[in-house]
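For reference, the structure discussed in these notes is given below.
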Amino acid sequence: MKHKTFFKGARAGAGKVFILTGPSGVGKTTVAKRLLVAVKTLKRLVTYTTRPMRRGEKHGVAYFFISPQEFQKKLAAGEFFEHAEVYGQWYGNSAADIDADRARGQSVLLVLDIQGAQTVKKNLPSAQMIFLEPDNLAQLSKRIASRHQQDPLDLERRVATAKEEMKMKTIADFVVLNHQGKIGETVAAVKKIIFGQAATAKAVPR
């Protein structure tokens, strides 16, 4: 069920929407944190999720951690404009939250997996999709392994999925290479996009 006022804020003067996406383990959350510090006028939309809270995370900052039952109630009520199941956990973003922000002229940052990014881009073509690309697949695999201490088969599945997700960069408005150890450069490149200073419509110079 879609929210009845889907992207209600899409009117003259409404805040812009930026989508930060990329394969699992590429560093979306880290880049987003630095970006929000650098761009005070940008606000991250907090995502609802059923996944367990990780060390260092706080409820209501990057995610609202809720039970599967509560998530399904919100989903049935049509509260999410975008939702997806990723590795057995649910993620969703509130239509009412983004409507309210955009109606105030607030620019919003969505940090989404590939599936969610595609959904938002389809329903809101004016949203700017920024794809974070890793140095190489070997480096990406190391990042995934460091985050998920699980059985080899599950790790292999996640790496294979990430490789497939890499193919989706062709649909993004911008592609930014996230060099290992050079997050400052990555944030600077994304900041240029936010302020409309990127050189091309498909890729930021690397």
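The values are calculated or read from the model by the stated rules, or taken from the named source; none is laboratory data. What you are looking at is a predicted structure, and each value in this text was computed from that prediction instead of being measured. We place every Cβ from the backbone using ideal geometry, glycine too, and count neighbours over all the protein chains shown.
Taking segment 54-85 as the range and being closer than 19 Å to Lys122 by Cα and touching a strand residue (DSSP E or B) at 6+ places or on another chain (Cβ under 9 Å) as the test, the residues that pass are Glu79, Phe80, Phe81, Glu82, His83, Ala84, Glu85.
For segment 22-65, a residue qualifies if it is more than 10 Å from the chain's Cα centre (by Cα), hydrophobic (A, V, I, L, M, F, W, C), under 27 Å from Lys167 (Cβ atoms) and part of a loop (DSSP other than H, G, I, E, B), and the qualifying residues are Val26, Ala62.
Out of the residues in segment 166-183 that are in contact (Cβ under 8 Å) with a residue 12 or more places away in the chain and part of a helix (DSSP H, G or I), which is surrounded by the fewest Cβ atoms within 10 Å (Cβ to Cβ)? Spell out how you get there, then give the answer.
Just the residues of segment 166-183 that are in contact (Cβ under 8 Å) with a residue 12 or more places away in the chain, to begin with: 166, 168-169, 171-180, 183.
So of that shortlist, the ones also part of a helix (DSSP H, G or I) come out as 166, 168-169, 171, 183.
Working: Met166: 18, Met168: 17, Lys169: 20, Ile171: 14, Ile183: 16.
Selected residue: Ile171.
Restricting Gly92, Gly105 to residues that are touching a residue at least 40 places away in the same chain (Cβ under 8 Å), under 26 Å from Val187 (Cβ atoms) and either surrounded by 15 or more Cβ atoms within 10 Å (Cβ to Cβ) or of a type outside the set (Val, Ile, Thr) (or both) narrows the list to Gly105. Right, Ala76: surrounded by fewer than 19 Cβ atoms within 10 Å (Cβ to Cβ) and touching a Gly at 6+ places or on another chain (Cβ under 6 Å) or not? Spelling it out, it is not the case that Ala76 is surrounded by fewer than 19 Cβ atoms within 10 Å (Cβ to Cβ) and touching a Gly at 6+ places or on another chain (Cβ under 6 Å). So, of the residues in segment 108-131 that are among the β-branched types (Val, Ile, Thr) and surrounded by 23 or more Cβ atoms within 10 Å (Cβ to Cβ), which turns out to be nearest to Ala189 (Cα to Cα)? My answer is Ile130.
Of all residues in segment 1-20, which are modelled with pLDDT of 80 or more and touching an Asp or Glu at 6+ places or on another chain (Cβ under 7 Å)? Walk me through how you get there before you give the answer.
First, the residues of segment 1-20 that are modelled with pLDDT of 80 or more: 15-20.
Scanning segment 1-20 gives a single hit, Gly15.
Residues that are modelled with pLDDT under 95, under 23 Å from Lys169 (Cα atoms) and not small (Gly, Ala, Ser) do occur in segment 46-53, at least one of them.
For Phe71, the conditions (1) crowded, with 20+ Cβ neighbours inside 10 Å; (2) part of a strand (DSSP E or B) are fulfilled apart from (2). Of all residues in segment 30-88, those that are among the aromatic types (Phe, Trp, Tyr) and farther than 17 Å from Ile98 by Cα total 3.
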